[in-house]
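Quick notes on the structure that follows.
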Amino acid sequence: MRIESKDRFETLRAQARESNASRMQQVLVCCGTGCLAWGSKKVAEAFASEIAKRSVDATVDLFVKSTGCHGFCERGPLVALQPSGILYTKVKPNRVEEIVETTLIGGEVIQNLLYKEPVSGERIAQYDEIPFYKNQVRVAMRNIGRIDPTSILDAIAEGAYSGLARALFEMTPDEVLDEVEISGQRGRGGAGFATARKWRSCKAAPGDRRFVLCNGDEGDPGAFKDRSIMEGDPHSVIEGIIIGAYALGAHEGWIYVRDEYPLAVVNLGIAIAEARKYGLLGQNIMGSGFDFDIKISRGGGAFVCGESSALMRSLEGKTGEPRAKYVHSTEKGLFDLPTVLNNVETWAGIGAIIDRGGEWFASMGTERSKGTKAFSLVGKVKNTGLIELPMGTTLRHIIYDIGGGILNDRPFKAVQTGGPSGGCVPAELLDLPVDFEELTKAGSMMGSGGMIVMDDRTCMVDVSRFFLAFLEEESCGKCTPCREGLHQMVQIYDRLIAGDGVEGDIELIERLAAGMQLGSLCELGKSAPNPVLSTLRYFRSEYEAHIRDKACPAGICRELTAYEIIEEGCDGCHVCFKACPVDAIEGVVKELHIIHQDACISCGACFDVCPTNTIRTFPKIELKKAEVV
């Protein structure tokens, strides 16, 4: 059972591959968090029950596998069939018998379970031909959706630990560092610091004891790619950490996981236990003489603990507060000893880099941003989900070719990248290549990989206020510029969206932003003004409208917006009547409806559901003017 040599590993891998290949048909049921919420666990159970009940004969040889996230969260529960390559979407347990009978036994495709292209209406059967998947290149997520994350043999069959075997038996620690440097990989956690440079700095630090850490404390609103990697392919993360430890001469490691990720904790725990069992962790790994082990630490739910020094203080059992940046963690990190901290996606790519070579990884991406990047694509886009593609891919390609365009075909307004510390990129920059440098030039950042798409019904003042309020709650409060700066900004934004903004507010916001950037202790405070400054840069007119005209151009801010039904277009469909939560709409079917302004709470529910687009927004101040007249 225990792997004690490279030859034994190669034999085990060959046996695992042969076992998988012997299965004539596989049913891969997505059991990532998103699909589990749609009920995919019951779908997997229904497949297992149906196959057992039928005692399907050996000529069909069905095998059901629960996998991690396939990425196409909008269409879950997802069921992929191999080797046919068919993908069924929105599968319910009551369709399982039909799938087994019609497709797995009968060989016919069920059309109404296939993905439907939103523009042409075409049904696409093949997983690899669906635009959402066809346009991706996966490195960090290479095995998610293909393996059972609780089976180490399944992972090994798909290439897990091959990079580790090469590193331990064919390369010196310095050669591993050289290969990572050739790859040009930069940290995928936000700052984009060169991985090899960080590792070399740690290795050169004095002392015999050092640590490797994995940051799985993904706290950005709308981001979930690290969660999906830990849940769906924990072995890629573990393999990368072991390789890093070998290169650095470290013997102890931790994975710091956000407490709200219980499935990630469970699957990582199983993977670590199995890796120890097979001799891939612990003493004398693979018989190489190298010793290393990993522990899991659950975060306390503080967003600031995603910052490196705060995370390390938390691991030590102290309050998760950042320290001055002139103290480098590669020299004095965890317990004031040399430490390397990389995020989940960074570690997940290391095994593939060592296995396939640094030049292979560097062949993708741009000159200064090599390889691929994973993103959580969410918001007002038709195909939400988890994607990975080469650096330098344009926003237009991501949003329209992969994402399928904007919901309800509304105009695209902006995309927010980089989480609460990122910025909003407007429609005129849709052809911007997504890499570290270009996003920074545009006033945003790569961040942890969140990408929130917004349509014309998004108020950029309100968006900025949301992120500021989030950061105000999550600030540790240690330094005044961050603590007080965020509080003062939120108060100003509260005035703006309530219609109480005054001349000079914009300039006051800019001065506060400059003070926070200069004086804050850590990156939470320094980067907190990014959403503010990017929206002021591209959408300044919206701020001016809130202040001077007491109007919200997007028709979102309740205190500034009123709604009315356009008489010429209303056909009396009664949809708005049913949607109104306060009975502010009067009308009967097939007759003109009316909104009573004294009862309307400006929630916008009627506007959102109107099928004929005959409800308009207008500044609420016009109602007050009319009352005066």
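The values are calculated or read from the model by the stated rules, or taken from the named source; none is laboratory data. Since we're looking at a predicted model, the values are computed, not measured. We place every Cβ from the backbone using ideal geometry, glycine too, and count neighbours over all the protein chains shown.
Against the list (1) in contact with a Lys or Arg (Cβ under 7 Å, 6 or more places away or on another chain); (2) part of a loop (DSSP other than H, G, I, E, B), the condition G447 fails is (1).
Considered as a group, the residues in segment 582-629 that are basic (K, R) and assigned to a helix (DSSP H, G or I) include one that is modelled with the highest pLDDT, and that residue is K624.
Inside segment 140-158, can you point out the residues that are closer than 21 Å to R188 by Cα and surrounded by fewer than 24 Cβ atoms within 10 Å (Cβ to Cβ)? Of everything in segment 140-158, just one residue is closer than 21 Å to R188 by Cα and surrounded by fewer than 24 Cβ atoms within 10 Å (Cβ to Cβ), namely R142.
So which of I238, I255, I270 ends up being among the β-branched types (V, I, T), under 17 Å from R166 (Cβ atoms) and in contact (Cβ under 8 Å) with a residue 24 or more places away in the chain? Testing whether each residue is among the β-branched types (V, I, T), under 17 Å from R166 (Cβ atoms) and in contact (Cβ under 8 Å) with a residue 24 or more places away in the chain leaves just I238.
With the requirement that a residue be of a type in the set (F, W, Y) and either buried (at least 23 other Cβ atoms within 10 Å of the Cβ) or in the same structural domain as G189 (by TED's automatic domain parsing) (or both), what does segment 372-411 give you? Break it down into steps so the answer makes sense when it comes.
From segment 372-411, those of a type in the set (F, W, Y) are 375, 400; that's our starting set.
Matches in segment 372-411: F375 only.
Of all residues being over 14 Å from A140 (Cα atoms) and modelled with pLDDT under 95 in segment 217-255, which is surrounded by the fewest Cβ atoms within 10 Å (Cβ to Cβ)? Just the residue, please. Full working, then the answer.
Within segment 217-255, the subset over 14 Å from A140 (Cα atoms) is 217-223, 242-255.
Now drop any that are not modelled with pLDDT under 95, which leaves 217-223.
Numbers: D217: 31, E218: 30, G219: 19, D220: 23, P221: 15, G222: 18, A223: 21.
Taking the candidates together, the pick is P221.
Within segment 418-430, the set of residues being in contact (Cβ under 8 Å) with a residue 40 or more places away in the chain and among the aliphatic types (A, V, I, L, M) comprises just one member, V425. Go through segment 94-122 and report how many residues are surrounded by fewer than 19 Cβ atoms within 10 Å (Cβ to Cβ) and either within 20 Å of D409 (Cβ to Cβ) or of a type in the set (A, V, I, L, M) (or both). Residues flagged as surrounded by fewer than 19 Cβ atoms within 10 Å (Cβ to Cβ) and either within 20 Å of D409 (Cβ to Cβ) or of a type in the set (A, V, I, L, M) (or both) within segment 94-122 amount to 11.
So if I check each of V461, V453, which one is modelled with pLDDT of 95 or more, in a helix (DSSP H, G or I) and touching a Ser or Thr at 6+ places or on another chain (Cβ under 9 Å)?
Values: V453 fails: in a helix (DSSP H, G or I).
Answer to the check: V461.
Those helices (runs of 4 or more DSSP H) of segment 491-569 in which 1 or more residues are surrounded by fewer than 20 Cβ atoms within 10 Å (Cβ to Cβ) and polar (S, T, N, Q) occupy 505-519, 530-544.
Can you tell me which residues in segment 256-302 are in contact with a Cys (Cβ under 7 Å, 6 or more places away or on another chain) and modelled with pLDDT of 95 or more? Break it down stepwise before answering.
Residues of segment 256-302 in contact with a Cys (Cβ under 7 Å, 6 or more places away or on another chain): 256, 299.
Scanning segment 256-302 gives a single hit, Y256.
Determine if segment 431-441 includes at least one residue that is in contact (Cβ under 8 Å) with a residue 60 or more places away in the chain and under 28 Å from G519 (Cβ atoms). Within segment 431-441 (the criterion being in contact (Cβ under 8 Å) with a residue 60 or more places away in the chain and under 28 Å from G519 (Cβ atoms)), the answer is yes, since at least one residue qualifies. Only residues that are at positive phi and part of a loop (DSSP other than H, G, I, E, B) were counted in segment 404-437, giving 3. For segment 330-353, the criterion of being surrounded by fewer than 24 Cβ atoms within 10 Å (Cβ to Cβ), of a type in the set (D, E, K, R) and in contact with a Cys (Cβ under 9 Å, 6 or more places away or on another chain) is satisfied by at least one residue. Restricting the search to helices (runs of 4 or more DSSP H) fully inside segment 88-181 and requiring at least 1 residues that are touching a residue at least 24 places away in the same chain (Cβ under 8 Å) and under 24 Å from the mean Cα position of the chain (by Cα) gives 131-134, 152-157. Please verify whether K478 is outside any loop (DSSP other than H, G, I, E, B), farther than 20 Å from F375 by Cα and either at pLDDT 95 or above or not assigned by TED's automatic domain parsing to the domain that holds G71 (or both), treating the condition exactly as stated. For K478, the condition - outside any loop (DSSP other than H, G, I, E, B), farther than 20 Å from F375 by Cα and either at pLDDT 95 or above or not assigned by TED's automatic domain parsing to the domain that holds G71 (or both) - is not met. Of all the listed residues (F470, F466), the sole one being touching a Pro at 6+ places or on another chain (Cβ under 7 Å), surrounded by fewer than 24 Cβ atoms within 10 Å (Cβ to Cβ) and outside the structural domain of F72 (by TED's automatic domain parsing) is F470.
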